[in-house]
Structures are given as structure tokens and as C-alpha cells.
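Before any comments, here is the structure.
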Amino acid sequence: MSGLSVLAQAPTQIQMPPIDWAASGPLWIVFVGACVSVLLEAFLPRHQRWPVQVLWTVLTLVVALIALGGYALTGPGAVLTFGSALSVDTPSLFLWGSLLVLAIPSVLLLADRSVEPGGVFVASAADRAAARGGGGSGGGDGAAGEHVDRSYGLPGQAPTMQTEPFPFVLFAVGGMMAFVAANDLLTMFIALEVLSLPLYLLCGLARRRRLLSQEAAVKYFLLGAFGSAFFLYGIALLYGYAGSVRLTAISEATAGSLASDTLLFAGLALLLVGLLFKGSVAPFHTWTPDVYQGAPTPVTAFMAACTKVAAFGAIARVLYVGFGSTVWEWRGVLWAVAIVSMVVGAVLGLTQTDVKRMIAYSSIAHAGFLMLGAMTITPAGTAGLVFYLVAYGFTTIAVFGIVSLVRGPDGEASHLSAWAGLAKRSPLVAGVMTFLLLALAGIPLTSGFTAKFAVFSAASADGLAPLVVIALIASAVAAFFYLRIVVLMYFSEPAADGPAVVVPGAFTTVAITLGTLATLLLGIIPTPVLDWAASGAFAG
């Protein structure tokens, strides 16, 4: 009884971790906006949801961006907050800004209802591919009715649009922001799940091609679960080595721990498998072509741009803060990973006949180039990496915006044959697409050239010159399948009954314009962005 009385009398004090609300403000604005978006979805009448959700989502991202700009201009620099679980340093702020500015045109593509009447999302997520009559051609998807529009509206009414994707996007963006700023591995794992689960759902909500869309969602979910399991097992091994999941504690343990190095490097290997999966780095890329092709095109644009930023931001933080002192032990393995990714992306991209799958393999090749920046543990390497991420993101969003405009009677026409003679049907669309493809190829006066130059020069200065040579060869090979589309558009005759180029609505027009202008400006005047990217290093 005396022991119970002592416990009863003992004061219980729960101390809140120190929180810097100004530093973490952009993150919380996005998460609060996501929660409010869920409430709007629950309580608003269905006919009011679309305009309110679009306005609220864009407003949330803009307010978060303003809060970020205010803190970046007046803040004290790198700070640790939430009990040191988050590190708000210069790379974090840059990556947060990149995610927010890339999310805005992505949301505009998601919200457009002019390219696909009623929007790209099915009105009921439970609708099966052949549930409604079989008027569609199948398009190689193997099911009658694959392309039939599931409007779920009454006769004479416009097709309805599911609006749940808007809170999904906000939660995914919030998870990505926490992911790149996480200072301990458990926080990083929670952020990984927060960003991943909405994406799994978004991939399966395409209004047309339901089989492909649902297949993409299932593949992404199952392989993503494996990636998360590897990540979590790696955390367990690293905790066994360092006695902590904090990156700085792991770094300190590498200098004086008596534990077996087997735990350290096995844990790092498993951790990197989960991260490389998210970044579409070969040989952990197998989900990418199928998911890029099957997901609704605006969702593909969002994933291709923002998920790449999140994945490589986290990879760079883990390697720089947690494992910078063991760079010579792990760099050789990542050499091989980078080479495999560049070769797989460049070579297999040559064999693709679908534009979306071709861009998927292009992203795998670019992931190999980005690995050079992640492996370069110098301020110049970090600056080149984060600049590459934002430049690639804008270009990719604009490319997928253009892809959504080429349409046949069965919806989006992504087969390469549909692009034959496009310049004769729509010179403006062909011209913009050509410019964007040249940017992906790394032609001068585009952001792609500046980004590659920044990463390759930093890697070469850090002793990775042989890898830079391989990257240049892979870039030359990859340029072939970009130029193949240009040749098709300008030097082939269009089919008499070929797909048409639809006139985009205001949202899609703004998204494509933003992506194209950013691609141009970051190629001509990249200095301000590069200077900000180079103004600080990862802190833990």
C-alpha cells in the first residue's frame, strides 16, 4: 500500500517539447488547411464543393508560401523544433518553397474540368472498369468500357467530379514538407506514410481507363509497403547501433561506438532502399512506368515533381547529417546505384511507345543524375541538387500538362503515333513541348542545362569525375527519345482521323505557362535561386 500511496502522491509533469511556431509555420498551415479541407468535404453540399475546395487548397498553399518567405527573410537561421524532431535550415526552407510552388500548378491541373469534362477523377472510387456498358474500345487495357466516362450525373447534367483529391494533395504536401525536414528517423518514417497514403489513393481515381488506374494504385501500394518495411527495418538496425534514431546521434556514434559496423551499414542499406524507392532510382524503380501510365495525368505530374523533391531532399539529409563521416564506405555502392539508374532510364526509354511511360523512364535517368548531387557531401553539391529538383519539377509539370491536351475519342492519346504531325495541328503546343523536351535533354538556355551543370561540376570537384562522364553519355543517349518526339511532331504527316489537341481551360493554361516560364527563367537567370540554395547546409 505504501508503494501505491507514493505513486499516487508523485506529481505528474508532462513537458511539451520546445516549438518554434514561426519556423514550423508553413508546415502547420498546410496541415491545418488539409484538416479544414476534410471538414469542407464533409459538410458542404456536393454542388458547392468543387469551387470552394479549389479556392481553399490554392489559398492554403499561397499563405504557407507567404509565411515561408517571411521567415526566410527575417528568421534566425537554422533551428531545431518539436523536440529536435524537425530541422528548419536553409535546405529545408528551399525544399519547402519548392514543394509549395510546384504544388500550386499541380493543383490547377487537378482542378481543371475543361480538358476532361467533369475532371479527371471518377465520381465514385468504387466503380469497376467494366461496371458500365461496353462502348469503349479498350485501348489495349483489356476490358470493355475502359474508356467510358463515368459521369454519375442525371441526363442533361454536366459530369460530376470527386473533390476528395484536394485534401489528399494537402496531406501529401504536408507529409513531404515534414519528410525533408525530419531530424530523426521515426519522424521521417511517419512523414513517409503521410505523404504516401494519399498518393496510393489518388492513383486509382482516374475517370477513364479504370483497369490501368486501379492496377497502378495496387502496384504502388504493394511495392510502397515493401519500401516502407525496408525503411523501418533499417531504423531498427540503426537504433541498435547508435541507441538513438536521431541523425546527429547516429553521426556521433560512427566516430566512437563499439557496436558492430554491420548494424550501421546494414541499417543504412535498408534505409536507403526505402528512400530510393520513393525517388524512382533503379533498381528500385519497377513501379514507376506502370504508375506514371495508369494514374490520372495531373496526379502523375504531381508525383513526378513533388515526390522527387521529397525523396531526394530526405536522401541528402540522411547522407549529409547522419552518414557524412562514413562517406568513403557507402559512396562506392551508390556509384553503382547511380550508374544502374542512368543506364536503365536511358536505354529502356528508347524502347517505349507511350509518352507517359517514356517520361517515367526519363525520370529514372534523372534520378541517376540527382544521385550525383546527393553523393556530393559539399555545399555546392547540396545547392546543385536542390536547384535540379525545382528545375526538373517545373519542366515535368508542364510536360504532363501538354500530354493531357492530346486527346482522341477514347480520351487521352498518349501513344507516340498520336503525336505524328502535331505541329501541323497545333504549332503552339508543339513548340512548347519541343522547348520542354529540350530542357529535359539539358540543352543550353533551359533550366535543364543549368541544373545538370551545377550538379555535374560539384560532383566533379568532389572526386566523382568518372561518374560525371557516364552521366554525360547517358544524357546523350536519353536525348534521342526526346528528339524522337520532336521529329514525329514536325516531320511526320498527321493521320486523317488522328487525335485532336483540345483548347485548355484557364487552370491548365496557367499551369503550363508557369512551368514553361520557370524552365526558361531558371535557364537564363538562375543566379538568385542558386545563391539561395547555396546559402546554407543541412543542419541537425
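Across the range 20-118, the relative contact order, built from alpha-carbon pairs under 8 Å that are at least six residues apart, equals 32 percent.
Relative contact order of the range 18-533, taken over Cα pairs closer than 8 Å and 6 or more residues apart, is 15 percent.
Note the per residue figure in Å³ for the convex hull of the C-alpha positions in the range 313-356.
Values: hull volume 2.9 nm³, N = 44.
Per residue, the Cα convex hull of the range 313-356 comes to 65 Å³.
Projected over every direction and averaged, the convex hull enclosing the alpha-carbon atoms of the chain yields 28.2 nm². Pairs of Lys residues in the chain are counted when their Cα atoms are under 19 angstrom apart and they lie 8 or more places apart or on different chains; the count is 7. For the range 238-303, the relative contact order is 21 percent, taking Cα pairs closer than 8 Å that sit 6 or more residues apart in sequence and dividing their mean separation by the residue count. Reducing the range 209-235 and the range 356-370 to their Cα centroids gives an inter-centroid distance of 19 Å.
Computed from phi, the 3J(HN,Hα) profile of the range 237-244 under the Karplus parametrisation 6.51, -1.76, 1.60 (θ = phi - 60°) reads 5, 5, 5, x, 7, 9, x, 7 Hz, with x in place of Gly and Pro.
3J(HN,Hα) along the range 15-26: 8, 6, x, x, 10, 9, 5, 5, 5, 8, x, x Hz, from the Karplus curve 6.51 cos²θ - 1.76 cosθ + 1.60 with θ = phi - 60°, whole Hz, x for Gly and Pro.
Using the Cα centre of the chain as the reference point, and only Cβ charges (+1 on K/R, -1 on D/E), how large is the resulting charge dipole? Debye, rounded to the nearest 20.
The calculated dipole for the chain is roughly 700 debye.
Values quoted throughout were computed directly from the atomic coordinates according to the rules given, and no laboratory measurement underlies them. As the structure is a prediction and not an experimental result, all values here were calculated from the model. Every residue, glycine among them, receives a Cβ derived from its backbone with ideal geometry; neighbour counts consider all protein chains shown.
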